[in-house]
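Scroll down for the structure; my scribbles are underneath it.
The values are calculated or read from the model by the stated rules, or taken from the named source; none is laboratory data. As the structure is a computational prediction, the values presented were derived from the model and not from experiment. FYI the Cβ positions are ideal-geometry reconstructions off the backbone, even for glycines, and counts take in every protein chain you see. Each accessible area value is taken on the protein alone, full model and side chains, heavy atoms only, with ligands, DNA and RNA left out. Shrake-Rupley method; radii C 1.70, N 1.55, O 1.52, S 1.80 Å.
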Amino acid sequence: LVRKEIMPNKLIMAVACNTVAATVDFNAIRKDFPQVEFISPLGYTINKVNNLPGGSKIGIICTKATKMSRSYERPLIEAGYKVSVKATPILAVLAEMLYSELRFLGAVSNHLDKTAREIVRVSLGSLVKEDRIDYLVLACTHYDYLKHYELV
């Protein structure tokens, strides 16, 4: 824990987890710690999406908690986008497996690569085929390891 009386005059805290960014009430925290500026992927992502063509269909994949918070969905709908949100917690586990193999073995094994392709295809196929999304938001920082896998 950080005690208020020993805090520096200004502190910037990077919240790297989308689920934390989506579910924690940072306004309440700011009341007790006004010297802390919070930077999160949520605000950055919303700003980026708001630069896309109006009326675009945005797919969002995330954890269950992020989906339930509606932190991504609400502002994008208000901005005029069509939004489909899908909780895909299995993809976070898969991304961790890919990361581990890359880090410790230097490459992803053929077996894991083939399995990853199938899991991504099955997990996200409905967003692409049925919801016909134009853009996909990876609203979990782990999902970065999946970005080169084709959706269909």
- Message: Could you list, ordered by first residue, the pairs with Cβ atoms under 6 Å in which the first is in region 46-61 and touching a residue at least 24 places away in the same chain (Cβ under 8 Å) and the second is open to solvent by 30 Å² or more (accessible area, probe 1.4 Å) and among the small types (Gly, Ala, Ser), at least 6 apart or interchain?
- Response: ASN50/ALA79; GLY54/GLY80
- Tell me which of these VAL85 doesn't satisfy, since it passes every other one: (1) outside any helix (DSSP H, G or I); (2) exposed (fewer than 13 other Cβ atoms within 10 Å of the Cβ). (2)
- Task: For residues that are farther than 30 Å from ASP25 by Cβ and in a loop (DSSP other than H, G, I, E, B), tally how many sit in region 88-125.
- Result: 4
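If we only count helices (runs of 4 or more DSSP H) wholly inside region 1-80, which ones have 2 or more residues that are open to solvent by less than 90 Å² (accessible area, probe 1.4 Å) and within 25 Å of LEU91 (Cβ to Cβ)? Can you show your working first?
Values: elements: 18-23, 26-32, 41-49, 64-69, 73-78.
Because the criterion is at least 2 residues that are open to solvent by less than 90 Å² (accessible area, probe 1.4 Å) and within 25 Å of LEU91 (Cβ to Cβ), the helices (runs of 4 or more DSSP H) in region 1-80 that meet it are 18-23, 41-49, 64-69, 73-78.
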